[in-house]
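Novice: Mind having a look at this structure? Questions to follow.
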């Protein structure tokens, strides 16, 4: 084979790979849009499911998703940001303690979501039932908060490390304490990075199902407190498709999920461009 | 390594000190007539040594810096000028692996005493860097930052401080109409004067300047040098510079550092006209460094 | 120009050459640590300790299954039928294995190819499109992939099965839910992981290598295959292993397309059940020993994924050196 032909074939193969990657996305997007978009109406968004989800809408699932997102982020952010801050500001990069902490967090990131589900089921739903009320928004939020911790921690650490040393020096040289330096200069400067991690965390929560199947309860009713069971849109999709077989409702929900995902993706772009 | 030179440098540096108490600097014909001697000692270092990763970056420096004057630290690259400067407000400690021995007395108090409160020290001994480093905040926020950290809450008081500091740094007229726009939109020279204003806002008595004009254009450099002349008298200025003309122009006293050691310290005029040491003469005449 | 600062910058990462005695940490303020540092430390300890806590909990709950069923009977048992008292997880392990291997076969060439395309060949406009596509692929919820697989891939594969499977074969071979369906979906799902980590590895290859090779008259393809890929190999491997971890750990999509029958995979058309799907399918109604057995399944899963992750981290660190 001549070198020229080899080069051409290689180039062709690489273009083929890129086209496959892009078209698999387009295929999923197009198919779900085609099948799901027609099913999304005002009624679909604002009505409760009827007949086990064969008819009606997804309003309770929208509310459930919102509640879970707010609660999960509220629980996870202080810990995630605190841990990232600590790893970046309080331990030197190669110290033993930092290595151990980082290993723990990297490993947490690798734990499959169904294992989080098992854990949440055993701890929050069963062992802590008197506190959480069993399968409730609170149990689901605690489970999912653990899941998104590593995202927040890693992003915060990176963002804080990326803040120029000169800001810190300038602040300290003005007589600011370390705490003032961290909270008034370093964290604000790292805010875009941390916010995009929070948005990524929102995306994880919106898309997650396995960890929630046995912790959130899956109730088709609108939750009125964190001690009530709920369902998210992703869970709703799974339940109507597999347990009821209502494909059209499933597709409409899938379309909604994809729109949300795309929106969050754009939000991440906007936040990181805005810095 | 050139053993000859090393041993010559290792000899005791010539430090002008008044024999008995050592709290005053010998009175000399100042190049600036508006400060009337005798001059009080502001900062004094005793056997100040900074190790970086086990190596001595500066070695046992004894120096007495007069109050209200401009003292220049000169020397070739890597001689420890910046390390010395950063030892005066304990900034070296931000770099992992540094260790400092000896004493630095500011107004007679050893700042390396474990009981020293670092924020208080650094409020008193301010610093300006080679590259302007304003915070990514508004001009007003930059200047008000220090006072706010010290507990000033009143907007009116802060406004006063901001105006006063910006005036002192000769920046007020240029920015008074856009105090609430981003500091990062200013030119390099303006940013540097903003950093000076920011440092002045916490009312330090000493201002450390690490090559404050090295990254600026000639016109901005002149402005900074003029500013130093303005600030002289009210503040004790210590500037590190590799620009000997600048040292000669702006400073009253000059210390020459070589390979971490203090070679000579004297009135600037004498350093540049009649240096006592061969190394100093070689350096200022451009024979090395 | 800037003297000692520059010097320090160059030496900034604490070197291994200095003994603990020669360097001391900077002393802190008079009051030592500030309150926020203790709070941040607590947050870190919780975040980093969570994984050990999770492991302990899952082990605690799964342990009785090993005790009652017997470790080897559990791991090597050939029948999983909790209603009849059979707790053999081997077919499920085999199913997981088959799905994962086929996923990798499908995913590696295209994903690594896409990464090479992005770093070595792609014109700017194409990079922007491909990068965005990879980003979005990573964001699509797994239930959406599952639904897509159920409604497009499964019928397609059923048709292939009907055309190719010989007469008289068991009917479960013609349902479409199969190793193959699960693998195709998983291959798309793990692609973003493999692509982005491979891209990092390829980007970290010093450009001198590239220029050196091209300067000697090598073609771009030769440069890629002979110089760049070998240098980037550890990093790409890390990406592949992390992708493997994702494939093993993915639940919903697999649950929806793999068929969920605890059968030994004899061909790519066999419906199988994976370790993750097994838990998801049964924990809702499991009690007693059955529930413990599902936690034991979780232990197995945990083990495999942690192992893969540690190996990947090791490779990644090696790649960064």
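The values are calculated or read from the model by the stated rules, or taken from the named source; none is laboratory data. What you are looking at is a predicted structure, and each value in this text was computed from that prediction instead of being measured. Cβ atoms come from the backbone with ideal geometry, glycine included; neighbour counts cover every protein chain shown.
Novice: In this structure, is residue A:33 in a helix (DSSP H, G or I) and either away from chain C (no Cβ under 13 Å) or more than 20 Å from the chain's Cα centre (by Cα) (or both)?
Specialist: Against the criterion (in a helix (DSSP H, G or I) and either away from chain C (no Cβ under 13 Å) or more than 20 Å from the chain's Cα centre (by Cα) (or both)), residue A:33 qualifies.
Novice: Can you tell me how many residues within the range C:90-120 are more than 9 Å from chain A (Cβ to nearest Cβ) and farther than 20 Å from residue C:308 by Cα?
Specialist: 2
Novice: Select from the range B:63-85 the residues that are within 7 Å of chain C (Cβ to nearest Cβ) and either within 18 Å of residue B:127 (Cβ to Cβ) or not in a loop (DSSP other than H, G, I, E, B) (or both) and list them in ascending order.
Specialist: Matches in the range B:63-85: B:80, B:81, B:82, B:83.
Novice: Among the residues in the range C:155-178, are any within 7 Å of another protein chain (Cβ to nearest Cβ) and free of Cβ contacts under 8 Å to residues at least 12 places away in the same chain?
Specialist: Looking through the range C:155-178, none of the residues is within 7 Å of another protein chain (Cβ to nearest Cβ) and free of Cβ contacts under 8 Å to residues at least 12 places away in the same chain.
Novice: Which of (1) surrounded by fewer than 24 Cβ atoms within 10 Å (Cβ to Cβ); (2) within 14 Å of chain A (Cβ to nearest Cβ) does residue B:200 not meet, given it meets every other one?
Specialist: (1)
Novice: Name every residue in the range C:202-219 that is under 19 Å from residue C:113 (Cβ atoms) and crowded, with 17+ Cβ neighbours inside 10 Å, in order of residue number. Spell out the reasoning first.
Specialist: Step one: filter the range C:202-219 for residues under 19 Å from residue C:113 (Cβ atoms), giving C:202-205, C:210, C:219.
Answer for the range C:202-219, where residues must be under 19 Å from residue C:113 (Cβ atoms) and crowded, with 17+ Cβ neighbours inside 10 Å: C:202, C:205, C:210, C:219.
Novice: Return the residues of the range C:236-259 that are at the interface with another protein chain (Cβ under 10 Å from one of its Cβ atoms), in a loop (DSSP other than H, G, I, E, B) and over 10 Å from the mean Cα position of the chain (by Cα); say none if nothing qualifies.
Specialist: Residue satisfying the conditions is C:251 alone.
Novice: Same structure, new question: Quick one: which helices (runs of 4 or more DSSP H) lie wholly within the range A:109-194 and hold at least 2 residues that are closer than 26 Å to residue A:71 by Cα and more than 14 Å from chain B (Cβ to nearest Cβ)?
Specialist: A:113-120, A:129-132, A:137-161
Novice: Same structure again: What number of residues within the range B:86-99 are surrounded by fewer than 24 Cβ atoms within 10 Å (Cβ to Cβ) and either in a loop (DSSP other than H, G, I, E, B) or more than 9 Å from every other protein chain (Cβ to nearest Cβ) (or both)?
Specialist: 5
Novice: Tell me which of these residue C:177 doesn't satisfy, since it passes every other one: (1) within 25 Å of residue A:258 (Cβ to Cβ); (2) out of contact with any strand residue (DSSP E or B) (no Cβ under 7 Å at 6 or more places or on another chain).
Specialist: (2)
Novice: Among the listed residues A:87, A:128, A:137, which satisfies the condition of being farther than 19 Å from residue C:250 by Cα and surrounded by fewer than 23 Cβ atoms within 10 Å (Cβ to Cβ)?
Specialist: That would be A:128, the only listed residue that is farther than 19 Å from residue C:250 by Cα and surrounded by fewer than 23 Cβ atoms within 10 Å (Cβ to Cβ).
Novice: Report whether or not residue B:154 is loosely packed, with under 15 Cβ neighbours inside 10 Å, under 23 Å from residue B:129 (Cβ atoms) and free of Cβ contacts under 8 Å to residues at least 60 places away in the same chain. Walk me through how you get there before you give the answer.
Specialist: Values: loosely packed, with under 15 Cβ neighbours inside 10 Å: yes; under 23 Å from residue B:129 (Cβ atoms): no; free of Cβ contacts under 8 Å to residues at least 60 places away in the same chain: yes.
Against the criterion (loosely packed, with under 15 Cβ neighbours inside 10 Å, under 23 Å from residue B:129 (Cβ atoms) and free of Cβ contacts under 8 Å to residues at least 60 places away in the same chain), residue B:154 does not qualify.
Novice: Okay, next question. Does residue C:29 satisfy the criteria of being modelled with pLDDT under 50, facing chain A (nearest Cβ under 10 Å), surrounded by fewer than 18 Cβ atoms within 10 Å (Cβ to Cβ) and closer than 29 Å to residue B:54 by Cα?
Specialist: Yes: the conditions hold for residue C:29.
Novice: Would you check which residues across the range C:277-300 are touching a residue at least 40 places away in the same chain (Cβ under 8 Å) and over 15 Å from residue C:66 (Cα atoms) and list them?
Specialist: Result: C:278, C:282, C:286.
Novice: Right, next: Of the residues that make up the range B:129-139, is at least one over 16 Å from residue B:88 (Cβ atoms) and part of a helix (DSSP H, G or I)?
Specialist: Scanning the range B:129-139 turns up at least one residue that is over 16 Å from residue B:88 (Cβ atoms) and part of a helix (DSSP H, G or I).
Novice: Moving on. Output yes when any residue across the range A:89-106 is in contact with a helix residue (DSSP H, G or I) (Cβ under 8 Å, 6 or more places away or on another chain), closer than 23 Å to residue C:245 by Cβ and not in a helix (DSSP H, G or I), and no when none is.
Specialist: In the first step, residues of the range A:89-106 are kept if they are in contact with a helix residue (DSSP H, G or I) (Cβ under 8 Å, 6 or more places away or on another chain); the result is A:89-92, A:98, A:100-106.
Subset that is closer than 23 Å to residue C:245 by Cβ: A:100-106.
Checking which are not in a helix (DSSP H, G or I) leaves us with none.
No, the range A:89-106 contains no residue that is in contact with a helix residue (DSSP H, G or I) (Cβ under 8 Å, 6 or more places away or on another chain), closer than 23 Å to residue C:245 by Cβ and not in a helix (DSSP H, G or I).
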